[in-house]
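Data first, discussion second: the structure below is written as structure tokens.
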Amino acid sequence: MMATRIRRHHVRRAAPALPNGFTLGNLFCGVFAIILASRGDFSRAVLFIVIGGVCDAFDGRVARATGTGSRFGEELDSLVDAISFGLAPAMIVYFAVLRSERLAPVAVFIFAAGAVLRLARFNVTQAGGSKSYFIGLPSPAAGGTLATYYWFSQTPFANRAGVVALPWQEIMLGLMGVLGVLMISPVPYPVWPKVGLRSWQGVLGLLLVVAIVAGVFFFSKYFFFVFGVLYVAFGLARWIVLNMIERVPTGGVEVGDEEEDEDALDEETQVAALAAPVEATAGRRKRRRRRRTPRGDMPTPLANQPIEDPRE
């Protein structure tokens, strides 16, 4: 019995190391990707970015499953993501495509700064708890899209279709700037879909996950970059369409009448706001008087009391 308690105690103490281990594995992948890119081994560098993304996907889930989530883990995860999905993908593209470009350092800075600012804002506004969307493009999606371009550029399809002949140096400079801006933008991006069989949303999520897994296994070098571009474009297009719909006037109210109604409502609101504290204070005073004066000791009216003669 004592041995069982000791084992459980050690398991509880070791449980926080599981998610942090995945996070540090993500850090190893990011650092090693930068080293491989500096040596010209771009294909393996991209592979380590993908592996880092897998580690990043598991650390949060393991923390929630074991109940070992903490503020320390959130900060560690953000610091690691800034390297693995901010600096490392930008350096891969720099060494592979942009080394001869004068604006390449500026593009690397914009992308890395966007990732750092996005992660800092995430810690303040959305860290912890469940969420239905991300504010701004997630850094793993931005970094994965940027890094896996190299895989896509080496495919037979890209060579046969003449994709390689495009001015990719200018395109990648623009893409790094766009991704950096989207990471700090207010554009909402959907989270990983929920999987289940009890609702149609869960079934659609399951089908989407199966399609993603199949694409990763069978078309990995095509899939990641194409899927990333589609994900980026979907969130941006959806945000633009929703903003356009919200700005369309519905009609039925003239501008002058609407402004007058708003002014009247503002005056009524101000009067009510000023009167509310006074009424509340008067009510509290009445209640205090009632509590202080018992019913049995109520003073008699002055009219019924005998008047004392001052001359006596």
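Bear in mind that the values in this text are calculations on the coordinates, not laboratory data. Values in this document were obtained by computation on a predicted structure and should not be read as measured data. FYI the Cβ positions are ideal-geometry reconstructions off the backbone, even for glycines, and counts take in every protein chain you see.
Details
- All alpha carbon pair distances within the stretch 13-192 were sorted into 10 Å bins beginning at 0; the resulting P(r) in whole percents reads 10, 37, 34, 15, 4, 0.
- 14 Å beta-carbon shell around Gly180, net charge (K/R +1, D/E -1): +2
- Averaging the sequence gap over all C-alpha pairs within less than 8 Å and six or more residues apart, then dividing by the number of residues, gives the stretch 72-131 a relative contact order of 49 percent.
- Applying 0.36 nm per residue to the separation of Trp200 and Thr155 and subtracting their alpha-carbon distance, the gain on full extension is 12.6 nm.
- Here the contact order of the stretch 13-192, divided by its residue count and restricted to Cα pairs under 8 Å and six or more residues apart, works out to 26 percent.
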